[in-house]
1. Toward the positive end of the charge dipole of the chain, about the Cα centre and with charges on Cβ (Lys, Arg +1; Asp, Glu -1), which of A107, G44, L87 goes farthest?
2. What list do you get for V102, V141 if you sort them by fewest beta carbons within 10 Å?
3. Any idea what the relative contact order of segment 14-144 is, in percent, if you count C-alpha pairs under 8 Å spaced at least 6 apart?
4. Hey, could you pull the Cα Rg and Dmax for segment 14-144, both in Å?
5. Any idea which of P116, M72, G136 is furthest toward the positive side of the dipole for segment 14-144, if Lys and Arg beta-carbons carry +1 and Asp and Glu beta-carbons -1?
6. Rounded to the nearest 10 degrees, what's the angle between the helix 18-40 long axis and the longest principal axis of the chain, both from Cα atoms, 0 to 90?
7. How far is helix 126-144 tilted off the main Cα axis of the chain, in degrees rounded to 10, range 0 to 90?
8. Hey, what number do you get for the chain at 222 nm if only DSSP H runs of n ≥ 4 count, each worth -39500 (n - 2.57), divided across all residues, to the nearest 500?
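No value in this document is a laboratory result; all are computed from the given coordinates. Predicted, not measured: the structure shown is a model, and the values here were computed from it. All Cβ positions, even for glycine, are placed from backbone atoms using ideal geometry, and neighbour counts span all protein chains on display.
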Amino acid sequence: MLYRLFPARADNGFRGHVLALWLFVPIVLMKLAISLLHILSADGGAQSISTMPLDTYPPGAAQNIVGLMARMGLEQWLLALVSLVVLLRYRALLPLMYLLLVLHYAAHHVIAAMKPLALAGTSGAGTPALVIAAAGFAGLVLSLTGKGYRRPG
């Protein structure tokens, strides 16, 4: 199993199920869109999507939250770019990228349980995150079950 997640050669040969390859395309596009929303939106998505009550905070505190959301968007954008490079050039690493997607979602929920946010309502970010996580889990399973895998030596 580890040789499927960490192939000996990071080439463009994808050995998993072909559906995993095609499922990765909309995931990468969604990740790019979400990251750009955090970077380019005036509130970084904090109030408009996550329902953080920025208008009730002192201006400096609200500005810090918007800045942190934009920085979070930058990190998401960089990860989405790495995913795009894997999709276009290093497809052998697709199972590893799917694993990172699933681990990110799980770790996000662990941290959210330890350090919950005080929101004014239900965050709109939950549904897209759940869709990406479910697609990521399906893609992980599909990417590890292809007929192109041969046990090394």
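1. The listed residue farthest towards the positive side: L87.
2. The most exposed by this proxy come first: V141, V102.
3. Relative contact order, segment 14-144: 42 percent.
4. Reported Rg and Dmax, both Å: 16.1, 53.
5. Checking the options against the dipole of segment 14-144, the answer is G136.
6. 20 degrees
7. 10 degrees
8. Using -39500 (n - 2.57) per qualifying helix, the result is -21500 deg cm²/dmol.
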